[in-house]
1. Picking from 59, 47, which residue would you name as being modelled with pLDDT of 80 or more, within 26 Å of residue 95 (Cβ to Cβ) and open to solvent by less than 100 Å² (accessible area, probe 1.4 Å)?
2. Could you count how many residues in the stretch 29-41 are of a type outside the set (S, T, N, Q) and at pLDDT below 85?
3. Is it fair to say residue 15 is out of contact with any Lys or Arg (no Cβ under 9 Å at 6 or more places or on another chain) and closer than 25 Å to residue 95 by Cα?
4. Condition check: charged (D, E, K, R) and open to solvent by less than 50 Å² (accessible area, probe 1.4 Å). Does residue 22 satisfy that?
5. Which condition does residue 53 not pass, out of (1) open to solvent by 100 Å² or more (accessible area, probe 1.4 Å); (2) closer than 21 Å to residue 90 by Cα, if it passes all the others?
6. Taking the condition assigned to a strand (DSSP E or B), out of contact with any Asp or Glu (no Cβ under 7 Å at 6 or more places or on another chain) and at pLDDT 80 or above, does residue 25 pass?
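The values are calculated or read from the model by the stated rules, or taken from the named source; none is laboratory data. Everything numeric in this text was worked out from a predicted model, so none of it was measured. A quick note on method: Cβ atoms are made from the backbone with ideal geometry, for glycine too, and the neighbour counts reach across all protein chains shown. Please note that ligands, DNA and RNA were not included when accessible areas were found on the heavy atoms of the full protein model with its side chains. Shrake-Rupley method; radii C 1.70, N 1.55, O 1.52, S 1.80 Å.
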Amino acid sequence: SKPCALSSTEKKLLPKWSIPRRVVARNVNSYTLVTLDNTILAGSYSTRRLRRFWPRGGTKLAVEQAEVEEREATLVNPKQLEDAMQVEEERTKAKLTESDNDDWEDVSDDE
């Protein structure tokens, strides 16, 4: 067998988990995920690769999670979920526009 490029000490220092992501759709044993800024990740992810994330109380992420769960609790069909994701994307876009007007470029083809 080939020797590993990382020593056992170096492996211990590597992160065990990636950053939190949200599940937006389920297909049997796989899920479609989005990042916290609502960027949809390519592909689907097996249930075995995912772990439930519980944000610490009082953090910004916990507040955002509560808001998302509250909005999603009122949804009853996929169309409403899609509409909610669009609203969330528009909110994110508005926040970015407010914080840095010069760096945001509208790439929509609504002409």
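1. Values: 47 fails: within 26 Å of residue 95 (Cβ to Cβ).
Of the residues listed, the single one that is modelled with pLDDT of 80 or more, within 26 Å of residue 95 (Cβ to Cβ) and open to solvent by less than 100 Å² (accessible area, probe 1.4 Å) is 59.
2. Of the residues in the stretch 29-41, the ones of a type outside the set (S, T, N, Q) are 31, 33-34, 36-37, 40-41.
Filter once more, so that each one left must be at pLDDT below 85: 36-37.
The total comes to 2.
3. Details: out of contact with any Lys or Arg (no Cβ under 9 Å at 6 or more places or on another chain): yes; closer than 25 Å to residue 95 by Cα: no.
No, not satisfied.
4. Working: charged (D, E, K, R): yes; open to solvent by less than 50 Å² (accessible area, probe 1.4 Å): yes.
For residue 22, the condition - charged (D, E, K, R) and open to solvent by less than 50 Å² (accessible area, probe 1.4 Å) - is met.
5. Going through the list (1) open to solvent by 100 Å² or more (accessible area, probe 1.4 Å); (2) closer than 21 Å to residue 90 by Cα, residue 53 breaks only (2).
6. Numbers: assigned to a strand (DSSP E or B): yes; out of contact with any Asp or Glu (no Cβ under 7 Å at 6 or more places or on another chain): yes; at pLDDT 80 or above: yes.
Taking the combined requirement at face value, the residue satisfies it.
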